[in-house]
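Take a look at the structure set out below.
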Amino acid sequence: NTWSALAETFMVKYAQRQGLRQSTLRDYRRALQEPDVEDWFARPVADITRRDIRNRLDTVAERAPIHANRLRAYWGKFFGWLAEHEWIETSPVLGVARPVPERTRVRFLTQQEIADVWRAFDATGAAFAGMIKVLLLTGQRQGEIAGLKWSEVTGLDGDDPRLELPPERTKNSRPHIVSLSGLAQEVIESVPQIEGGDLVFSLDGARAINGWSKLKARLDRAIGEARAEAAGEEKYDAGKHAIPGWTFHDLRRTLVTGMIEVLGIAPHVVEAVVNHLSGQSRAGVAGIYNRAVLLPQRREALEAWAKHIHAIVSGVEPASNVATLKLRA
């Protein structure tokens, strides 16, 4: 009845049997079997109190506020399962609020920020640069592009290049097709394929790129130095020249915002592009049908977005196809 033993039982009987994504399973293991709870491993779960939970979350929140909120969620599921299976009477997580409030992010990059970020991508190295460019050009989720496999890239030598993401690699567990614009195809084709490896964005072909925080720091530095140089200032000042408060996930939000507000693409087409399900029209059989019939519109939307990005970066305006997109949406 110790934390360690029942955490292992929970992982086998609940987490793994639910068919959760590998990233979610890793989060459960981190919450239940790693250093944040190491001193609880030998404790009977029935001895862990609400005060224990609150104090531990407060301690974690001092160094990692959002992680503390995630711990509360995973511990809540764990203790709820223990109560359901009569290992404990009630969950000590009940009544414990999230350690810190969270606000929905609304950050997206301005056109100038898009230009500054794109021009700095190459300073991160070929694999990193290609990956981040594809994130911005397709609006897909970070893990989906970071784990992209060559076997999921099809049609590069034809007129319908695309990514075909299997259900086990998407957040909603549904297969997803991502049409590749000419610019996105060019980026992917520029990435050298490592012999014996299936991963597209990788240093060895076998392991996905990690170290996102270091990558972000290097990118921010390159952006800031370029901004300082453009301003004719010799010294780089992070507080003055860096792009404030942006994350890699903001690239996805930038595409969504730009497609709707700048290019005038219908919201339901944009949702299909980024594989976001909402509303009854995207559920069940209707959802499968809509994903199929919207492929031409999605292809046009992504091509229009790529042209928009190219215009921002190069300063050369493309021929407008926004009216066509509005009519066909």
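Taken together, the criteria place Asp116 among residues that are of a type in the set (Asp, Glu), modelled with pLDDT of 90 or more and within 30 Å of Ala226 (Cα to Cα). Just one of the listed residues (Glu113, Glu86, Glu102) is of a type in the set (D, E, K, R), assigned to a loop (DSSP other than H, G, I, E, B), closer than 30 Å to Val262 by Cβ and out of contact with any strand residue (DSSP E or B) (no Cβ under 6 Å at 6 or more places or on another chain), and it is Glu102.
Considering only residues that are open to solvent by 90 Å² or more (accessible area, probe 1.4 Å) and of a type in the set (Lys, Arg), look in segment 103-122 and name the one that is nearest to Glu8 (Cα to Cα). Filtering first and then ranking leaves Arg103.
Candidates in segment 234-250 are the residues that are in contact (Cβ under 8 Å) with a residue 24 or more places away in the chain and more than 11 Å from Glu113 (Cα to Cα); of these, the one that is least open to solvent (accessible area, probe 1.4 Å) is Asp250.
Every residue, every condition in (1) over 25 Å from Ala301 (Cα atoms); (2) under 19 Å from the mean Cα position of the chain (by Cα); (3) surrounded by fewer than 20 Cβ atoms within 10 Å (Cβ to Cβ), yes or no:
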residue	(1), (2), (3)
Arg70	yes, yes, yes
Pro101	yes, no, yes
Ala126	yes, no, yes
Ile132	no, yes, no
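Inspect all residues belonging to segment 18-28 and state whether any of them is over 23 Å from Ser213 (Cβ atoms), open to solvent by 70 Å² or more (accessible area, probe 1.4 Å), polar (S, T, N, Q) and assigned to a loop (DSSP other than H, G, I, E, B). Within segment 18-28, one or more residues are over 23 Å from Ser213 (Cβ atoms), open to solvent by 70 Å² or more (accessible area, probe 1.4 Å), polar (S, T, N, Q) and assigned to a loop (DSSP other than H, G, I, E, B). Would you confirm, using the coordinates I've provided, whether Ile309 is of a type in the set (A, V, I, L, M, F, W, C) and either outside any helix (DSSP H, G or I) or modelled with pLDDT of 90 or more (or both)? Yes, satisfied. Of the residues Ala323, Ala286, the single one that is in a helix (DSSP H, G or I), among the aliphatic types (A, V, I, L, M), modelled with pLDDT under 80 and open to solvent by less than 60 Å² (accessible area, probe 1.4 Å) is Ala286.
Restricting segment 189-222 to residues that are open to solvent by 50 Å² or more (accessible area, probe 1.4 Å) and basic (Lys, Arg) leaves a set whose member that is farthest from Ile145 (Cα to Cα) is Arg221.
The values are calculated or read from the model by the stated rules, or taken from the named source; none is laboratory data. Owing to the predicted nature of the structure, the values given are computational and were not obtained by experimental measurement. Cβ sites come from the backbone with ideal geometry, for glycine too, and all protein chains shown count toward neighbours. Protein only, heavy atoms only, side chains kept; ligands, DNA and RNA dropped before computing areas. Shrake-Rupley method; radii C 1.70, N 1.55, O 1.52, S 1.80 Å.
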